[in-house]
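A short write-up of the structure that comes next.
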Amino acid sequence: MTLYIEYLLLVNICGGLLVMFAVSKCLRTEINIRSACIILFLYTVIEWLAMVYIPQLSGFLATVSILVLSKYTVRGQLVLHVALILLFIFSTGSMTLYTVNLLNFQSYLWCVMILFILLSGQFILSGKASEWISYSSVQASFICEVTLKQGQSKWTGKGYLDSGNALSAPFSGKPVMFADAQVASRLLPAEVVAYINGQSACPEQWKQRISFIPSKSVHKDCKILLGIECDSVEVESEGQTFIFERIPVIFSKEQYYVEQSCHCLLSPLQMLNCYQK
């Protein structure tokens with residue numbers, strides 16, 4: 001088969017970018033696309049000249065190009081980037097050669113098409129793998145089993161332990177947790193849910209449980225949030241059970257937090273011994 005420079009450019013630049021995108025997805029880093037294109041273009045020109053005059057240099061040039069790409073197109077994690085690039089290149093290259101030999105293709109066009117199909121699949125799978133690994137790590141560390149009780153009603157589900165939630169009730173000083181609309185509909189009477197949504201007045205018997213909690217974040221102005229004191233919350237985290245009585249809960253209109261299985265945001269202050277039952 002005759003090697004054409006246009007095929008070499010296509011494989012090195014487009015294929016190289018796909019590999020870089022797959023690596024950046026896995027490591028959750030950003031790549032400098034402009035720098036990557038320039039480096040890949042220069043590498044292609046040098047490689048083509050080397051293959052014409054000094055074929056023995058091809059392997060050395062490929063190794064140098066991987067190091068240069070990792071050094072000048074991403075920030076940090078140089079060793080991990082190099083290792084993943086090598087892994088992706090060898091795996092897709094081996095699969096491409098195997099498929100080409102199996103189907104007995106004699107055209108570079110077919111080889112390039114198979115290579116890009118495999119690279120695209122690798123890009124998609126690397127993104128899914130990265131999401132799964134990240135979620136598993138978060139789930140192991142910050143997602144807890146939560147049970148909220150109010151009178152005869154009880155809600156059980158998952159909550160996210162939010163280290164950034166330092167909100168507390170102004171007079172009692174109790175840490176505040178957040179719960180979404182699903183929790184409110186399961187835990188509170190319909191008239192209280194209607195009051196939270198601004199559709200009716202507060203029921204008389206619930207006025208003692210209502211508190212108004214000021215909240216201010218870095219990018220938002222101060223606003224007053226409506227909290228409802230619930231009987232208790234039970235949190236299971238890393239084999240331990242934490243019970244907090246008469247906890248202020250802010251019920252929002254959100255459907256879930258962080259991940260679709262998380263329906264409340266916990267405060268790390270709830271885990272302190274001074275607040276335990």
(request) Being out of contact with any helix residue (DSSP H, G or I) (no Cβ under 7 Å at 6 or more places or on another chain), at pLDDT 80 or above and farther than 23 Å from residue 5 by Cα narrows it down to one of 87, 102, so name that one. (result) 87
(message) Any residue in the range 233-244 that is more than 13 Å from residue 266 (Cβ to Cβ) and open to solvent by 90 Å² or more (accessible area, probe 1.4 Å) sitting within a Cβ distance under 9 Å of a residue that is of a type outside the set (Gly, Ala, Ser) and not in a strand (DSSP E or B)? List the pairs, counting only those 6 or more apart or interchain.
(response) 240/271
(message) Could you tell me how many of the residues in the range 90-110 are open to solvent by less than 70 Å² (accessible area, probe 1.4 Å), among the hydrophobic types (A, V, I, L, M, F, W, C) and either in contact with a His (Cβ under 7 Å, 6 or more places away or on another chain) or assigned to a helix (DSSP H, G or I) (or both)?
(response) 1
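If you check residue 194 against the conditions, is it at pLDDT 85 or above, farther than 15 Å from residue 249 by Cα and either out of contact with any His (no Cβ under 9 Å at 6 or more places or on another chain) or aromatic (Phe, Trp, Tyr) (or both)?
Answer is yes for this residue.
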(message) For the range 17-73, give me each residue that is open to solvent by less than 40 Å² (accessible area, probe 1.4 Å), hydrophobic (A, V, I, L, M, F, W, C) and not in a helix (DSSP H, G or I).
(response) 31
(request) Give the residues of the range 74-89 that are in a helix (DSSP H, G or I) and either among the hydroxyl-bearing types (Ser, Thr, Tyr) or touching a residue at least 12 places away in the same chain (Cβ under 8 Å) (or both), sorted by residue number. (result) 80, 81, 82, 84, 85, 86, 88, 89
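Out of 185, 141, 163, 200, which single residue is over 16 Å from residue 249 (Cβ atoms), at pLDDT 85 or above and hydroxyl-bearing (Ser, Thr, Tyr)?
200
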(request) For residues that are out of contact with any helix residue (DSSP H, G or I) (no Cβ under 9 Å at 6 or more places or on another chain) and under 24 Å from residue 90 (Cβ atoms), tally how many sit in the range 19-54. (result) 1
(request) Please determine, by comparing only the residues of the range 177-194 that are surrounded by fewer than 19 Cβ atoms within 10 Å (Cβ to Cβ), without any contact (Cβ under 8 Å) to a residue 60 or more places away in the chain and not small (Gly, Ala, Ser), which one is nearest to residue 159 (Cα to Cα). (result) 186
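The values are calculated or read from the model by the stated rules, or taken from the named source; none is laboratory data. Here the structure is a predicted model, which means the values were calculated and not measured. Ideal geometry is used to build each Cβ from the backbone, glycine not excepted, and the neighbour counts take in all protein chains shown. Keep in mind that these areas ignore ligands, DNA and RNA; they rest on the heavy atoms of the full protein, side chains included. Shrake-Rupley method; radii C 1.70, N 1.55, O 1.52, S 1.80 Å.
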